[in-house]
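The values are calculated or read from the model by the stated rules, or taken from the named source; none is laboratory data. Given the structure is predicted, the values throughout are model-derived calculations rather than measurements. Note that each Cβ is placed from the backbone with ideal geometry, even for glycine, and that neighbours are counted across all protein chains shown.
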Amino acid sequence: MKTINIIKPEKFDAVILANGEFPSHQYPLSILHDAEYVVCCDGGADTYIAKGFIPNVIIGDGDSLSTENRIKFADIISVDSDQETNDQTKAVNYLVKRGCKSIAIVGATGKREDHTMGNIALLIDYMRMGVEVKCFTDYGVFIPCNGDNSFLSYRGERVSIFNFNATHFESIGLKYPIYDFTSLWQGTLNCCEGDTFEIKACGDYLVFISYE
């Protein structure tokens, strides 16, 4: 059983800054600021650059990047005009080709709700590609999971579970029993009753864990 810890600060091979709302919570900000390699999704680079930082790479089709930055940072722009994937996925594919195994995504939520839902749902696809990925928002972290997992937590920590194709759900340490959810809302608004909890299942699911 794999143990997942979001309490201890993590190091990732790379961090993707998507083109949603720029993070304001200290947790995703620290992950972004401590990153050794940052990929910005298209227009996300405008905000990052305006705050005094320069990404390692800017990825996308260039449709939301300012003209000024498109010219000034032309040497670090990787243009990908594929309309069958979004910019977040283009960034993940780019990093996988570079050999990255662990990726943090920030700035993937906010602004357009359809983009937010798409970005979150795609986390399962990245996990299936063999990537260890987590998406950090201003309120918590989304973690794509498969099978049995243990999570380091604390009493009262809020937990939501979104089922994709998993069956035989069981849990230890959560306030409310879980089952084979058939709708996305059914696994939301649970909470941890101690310093750990476990989820057992056959298949893929997404866990959201709130910050303190």
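Tell me, which strands (runs of 3 or more DSSP E) lie completely within the range 95-212 with 2 or more residues that are of a type outside the set (Asp, Glu) and more than 29 Å from residue 24 (Cα to Cα)?
Correct list: 167-172, 196-202.
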- Message: Going by what's in this entry, would residue 182 be described as among the hydroxyl-bearing types (Ser, Thr, Tyr), out of contact with any Cys (no Cβ under 8 Å at 6 or more places or on another chain), surrounded by fewer than 20 Cβ atoms within 10 Å (Cβ to Cβ) and not assigned by TED's automatic domain parsing to the domain that holds residue 87?
- Response: yes
- Residue among 187, 118 that alone is of a type in the set (Gly, Ala, Ser), at negative phi and loosely packed, with under 15 Cβ neighbours inside 10 Å: 118
- Note on the structure: Apart from one, (1) in a helix (DSSP H, G or I); (2) within 30 Å of residue 150 (Cα to Cα) all hold for residue 12; the odd one out is (1)
- If you scan the range 194-212, which residues turn out to be acidic (Asp, Glu) and at pLDDT 95 or above? 198, 204
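Rundown of residues vs (1) in contact with a helix residue (DSSP H, G or I) (Cβ under 7 Å, 6 or more places away or on another chain); (2) farther than 23 Å from residue 131 by Cβ; (3) hydroxyl-bearing (Ser, Thr, Tyr), yes/no style:
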position	(1), (2), (3)
149	no, no, no
154	no, yes, yes
161	yes, no, no
165	no, no, no
173	no, yes, no
185	no, yes, no
192	no, yes, no
202	no, no, no
- Checking residue 90 against (1) closer than 25 Å to residue 166 by Cα; (2) in contact with a Gly (Cβ under 9 Å, 6 or more places away or on another chain); (3) part of a helix (DSSP H, G or I), the condition it does not meet: (1)
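Here is a yes/no grid of residues against (1) under 11 Å from the mean Cα position of the chain (by Cα); (2) at pLDDT below 95:
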| position | (1), (2) |
| --- | --- |
| 65 | no, yes |
| 69 | no, yes |
| 82 | no, yes |
| 86 | no, yes |
| 135 | yes, no |
| 149 | no, no |
- Item | Filtered residue count, the range 153-185, keeping only those that are touching a residue at least 12 places away in the same chain (Cβ under 8 Å), farther than 18 Å from residue 139 by Cα and polar (S, T, N, Q) | 5
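Which members of the range 141-162 meet the condition of being under 21 Å from residue 126 (Cα atoms) and of a type in the set (A, V, I, L, M, F, W, C)?
Result: 141, 142, 143, 145, 151, 161, 162.
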